[in-house]
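Everything below concerns the one structure shown next.
The values are calculated or read from the model by the stated rules, or taken from the named source; none is laboratory data. Since we're looking at a predicted model, the values are computed, not measured. Here Cβ is always computed from backbone atoms with ideal geometry, including for glycine, and neighbour counts include all displayed protein chains. These area figures cover heavy atoms from the full protein model, side chains too; ligands, DNA and RNA do not enter into them. Shrake-Rupley method; radii C 1.70, N 1.55, O 1.52, S 1.80 Å.
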Amino acid sequence: MRWIVPLLALAVLGGCTDWNAGQVSSVIDAHVVRVVSQGTRTAGQPGLPGQPYQVVELALDGGLYRGDHVTVEWGGRVALNANGLLSPGDRVLVSQRRGDNDAREYAIEDIVRLPSLLPFVAALVVALVAVARWKGVASLAGLAGSIAVFLLAIVPAVQRGDDPLVATLAGALGVLVVAVFVVHGVNRKSLAALIGTVACLLVVVVLAALTLSAAHITGLGSEEAVFLAVGSAGRIDLHRLVVAGIVVGSLGALVDMGIGQASATFELAAAHDEMRGPRLYASALNVGRDHIGSLVNTLALAYFGGAMPLIVLLSLGALPLSLSVNSETIVGSIIAVIVASIGLVLCVPITTAVAVGLVDRRRPDR
């Protein structure tokens with residue numbers, strides 16, 4: 001569900017502001033009426049593939065000139081392939097400026113893509129409710145609460161120039177409470193998962209800070225980070241923001257491990273009344289060992305999957321390999337995987353110990 005978090009975050013933000021207005025520029029809604037022409041421009045260098053382009057007629061759906069039809073070119077300003085070609089009815093975002101003789105000139109800035117995801121979001125909701133029933137509904141409520149915490153607490157605090165790590169930790173604790181108690185109920189099992197997850201989250205913070213300092217990570221290793229540094233006039237500590245990003249990135253896996261381990265411990269105790277203390281701890285620990293490998297692998301694939309275009313680009317050999325593998329982006333991803341994996345591994349014995357301590361002599365609640 002990692003991809004749906006930014007989608008819902010954008011939806012919440014959209015209810016608070018005008019999506020088409022920015023501090024630097026603004027865009028106008030439009031849709032394609034027809035494709036006037038289509039072709040391929042030859043590349044400037046021999047052997048390179050041609051660049052496809054289209055000339056399309058648009059109808060403006062917003063702005064002062066709503067309803068006007070304009071003809072623009074698509075593909076001349078941005079890299080394009082066959083999957084990016086437009087068809088009648090497609091919605092786009094266009095910019096407007098005044099050209100020679102004060103004439104209005106329009107350009108397509110991008111395609112409106114979010115509405116195409118709505119059927120898949122609906123499929124996710126149906127699948128959650130059909131399979132998990134009320135637990136699925138609770139998970140959606142927990143997800144909405146987590147997003148609200150980040151948007152209403154963490155993001156404004158970072159924008160004000162507050163310490164991004166402190167703001168993220170405070171928000172992460174709120175997210176943990178929502179994710180654990182809203183989805184899984186208020187009981188000893190949830191309390192064990194919460195305590196174990198918080199303890200491991202603190203381990204992740206310490207290890208991330210130490211590792212990033214040792215590797216001389218500045219936080220300025222991407223274009224987005226540079227733009228953020230310039231746009232915030234240096235108010236945001238990007239190094240600590242990287243630490244905060246590792247915390248957020250590992251949070252979901254830690255919650256998963258904590259809940260799973262606490263559940264396994266309480267289920268074993270419920271099934272075997274005589275199993276308590278060290279015997280229960282050893283049995284639950286065996287269950288957790290099986291869970292560790294799959295979660296660490298999932299975490300690593302998630303981080304490196306996001307960096308796949310960069311990894312392929314580096315493999316082409318345009319830059320020396322020693323320079324490529326030492327880039328902040330690559331090293332930062334490796335650090336995130338290592339630190340989060342250590343937190344996951346430690347989450348098993350810590351959460352198990354807490355759960356065993358909370359298991360009552362009477363038949364435990366589930």
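Observations on the structure shown:
- Checking each residue in segment 217-254 for being at pLDDT 80 or above, open to solvent by 50 Å² or more (accessible area, probe 1.4 Å) and not in a helix (DSSP H, G or I) picks out Thr218, Leu220, Arg235, Asp237.
- Count of segment 199-212 residues, restricted to those that are of a type in the set (A, V, I, L, M) and buried (at least 20 other Cβ atoms within 10 Å of the Cβ), is 5.
- Complete set of residues in segment 345-361 that are of a type outside the set (Val, Ile, Thr), within 12 Å of Ala199 (Cα to Cα) and crowded, with 24+ Cβ neighbours inside 10 Å: Cys347
- Qualifying residue in segment 128-150 (condition: over 23 Å from Leu194 (Cβ atoms), in contact with a helix residue (DSSP H, G or I) (Cβ under 9 Å, 6 or more places away or on another chain) and of a type outside the set (Asp, Glu)): yes
- Top-ranked residue of segment 104-116 - restricted to ones that are open to solvent by less than 60 Å² (accessible area, probe 1.4 Å) and outside any strand (DSSP E or B), ranked as nearest to Ser25 (Cα to Cα): Val112
- Residues that are over 25 Å from the mean Cα position of the chain (by Cα) and surrounded by fewer than 24 Cβ atoms within 10 Å (Cβ to Cβ) within segment 255-265 comprise Ser263, Ala264, listed in sequence order.
- Scanning segment 315-335 for residues that are in a helix (DSSP H, G or I) and over 30 Å from Leu254 (Cβ atoms) yields a total of 5.
- Residue check for Pro278: surrounded by fewer than 12 Cβ atoms within 10 Å (Cβ to Cβ), within 19 Å of the chain's Cα centre (by Cα) and on the phi < 0 side of the Ramachandran plot: no
- Residues of segment 90-103 classified as outside any helix (DSSP H, G or I), charged (D, E, K, R) and either surrounded by 14 or more Cβ atoms within 10 Å (Cβ to Cβ) or on the phi > 0 side of the Ramachandran plot (or both), total: 2
- Counting only residues that are in a helix (DSSP H, G or I) and under 30 Å from Gly231 (Cβ atoms), segment 121-165 holds 19 of them.
- A single entry from Ala141, Ala132, Ala167, Ala179 fulfils the requirement of being open to solvent by less than 70 Å² (accessible area, probe 1.4 Å), closer than 19 Å to Arg240 by Cα and not basic (Lys, Arg): Ala167.
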